[in-house]
Amino acid sequence: MSALIVIPARLAATRLPNKPLAMIGAAPMIVHVWRRAVAAGAGPVIVAAGDQPIFDAITAVGGTAILTDPALASGSDRVHAAAEAYDPAGKFEIVVNVQGDLPTLEPILVAASLTPLSDPVIDIATVVARITVAEELNDQAVVKAALSLQPGATIGPALYFSRNLIPSGAGEHYHHIGIYAFRRAALRRFVALKPTVLELRERLEQLRAIENGMRMAAAVVDTIPLGVDTPSDLERARRLLGVA
């Protein structure tokens, strides 16, 4: 399977304005994410830039960026637009959406997101990690995934996602990581769908796929990248990367 890695980014953000350009050491956050995605070696990496300054930041370090309409509603819409502009002939069978606010991303996670697609019935693949910090169990900022995971397995169907703790009962709980590997046809179908009831209720875009019968699966990994949403997250990222 040939994969194209796309990182969507735009400047508009309520809690941390101009987030992609926030400096972490000598480089903007979006450059850190781009470098880590490139290091994965899973395929060419492009940035779907909703604004000219993001485009300029990536091209300044030798990367490839595609300017997308700033009015696009979601990161997935931006990823689709950039993939179609970069590869209109459909050479790449898989498009991987790597969120642009993961500056501590371990490159191995990009490759791991592709593994569930070895099953031809899976439309969209993603990654999760076991929750080991008790505070995360009831943290609404931590998205949980309900997997149908057989004993000893590391890949299983993803049946639901929630900001609340799911499923109930004894057993492992999983932290969803914002990386999605779409089959090209699945991405085209997904962005053509209207937002759904559960998607709007949970504020989780991936539920649109599940509500429309698309099949998702997740690979279990052992590292969770820091998602930067607030100034305190940004300071933590700087400390983790040794540039505080």
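The values are calculated or read from the model by the stated rules, or taken from the named source; none is laboratory data. Just so it is clear, the structure is predicted and the values come from calculations on it, not from any experiment. Cβ placement follows ideal geometry from the backbone for every residue including glycine, while neighbour counts extend to all protein chains displayed.
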Legend entry - segment 110-125 residues that are among the aliphatic types (A, V, I, L, M), paired with ones that are buried (at least 20 other Cβ atoms within 10 Å of the Cβ) and part of a helix (DSSP H, G or I) (beta carbon under 7 Å, 6 or more apart): VAL110/ALA37; ILE122/PRO116; ILE124/ALA186; ILE124/ALA209; ALA125/PRO116; ALA125/LEU117
Inset, instruction - Kindly list the number of the only condition in (1) free of Cβ contacts under 8 Å to residues at least 24 places away in the same chain; (2) crowded, with 20+ Cβ neighbours inside 10 Å; (3) under 16 Å from ALA129 (Cα atoms) that fails for GLY152. - result: (2)
Inset, instruction - Determine, yes or no, whether ALA125 is under 30 Å from MET29 (Cβ atoms), of a type in the set (Gly, Ala, Ser) and surrounded by fewer than 13 Cβ atoms within 10 Å (Cβ to Cβ). - result: no
Inset, instruction - State all residues of segment 198-225 that are surrounded by fewer than 19 Cβ atoms within 10 Å (Cβ to Cβ) and touching a residue at least 12 places away in the same chain (Cβ under 8 Å); if no residue qualifies, say none. - result: LEU198, GLU202, ARG203, LEU204, GLU211, ASN212, MET214, ARG215, VAL220, ASP222, THR223
Legend entry - Exclusive hit being at negative phi, surrounded by fewer than 15 Cβ atoms within 10 Å (Cβ to Cβ) and in the same structural domain as ASP119 (by TED's automatic domain parsing), set PRO157, PRO195: PRO195
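Residue-by-condition table, conditions (1) among the hydroxyl-bearing types (Ser, Thr, Tyr); (2) in a helix (DSSP H, G or I); (3) modelled with pLDDT under 95; (4) touching a helix residue (DSSP H, G or I) at 6+ places or on another chain (Cβ under 7 Å):
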{"site": "TRP34", "(1), (2), (3), (4)": "no, yes, no, yes"}
{"site": "GLY43", "(1), (2), (3), (4)": "no, no, no, no"}
{"site": "PHE55", "(1), (2), (3), (4)": "no, yes, no, no"}
{"site": "ILE58", "(1), (2), (3), (4)": "no, yes, no, yes"}
{"site": "ILE66", "(1), (2), (3), (4)": "no, no, no, yes"}
{"site": "PRO70", "(1), (2), (3), (4)": "no, no, yes, no"}
{"site": "HIS80", "(1), (2), (3), (4)": "no, yes, no, yes"}
Inset, instruction - Report yes if some residue within segment 83-97 is in a loop (DSSP other than H, G, I, E, B), buried (at least 23 other Cβ atoms within 10 Å of the Cβ) and either of a type outside the set (A, V, I, L, M, F, W, C) or not assigned by TED's automatic domain parsing to the domain that holds ALA153 (or both); otherwise report no. - result: no
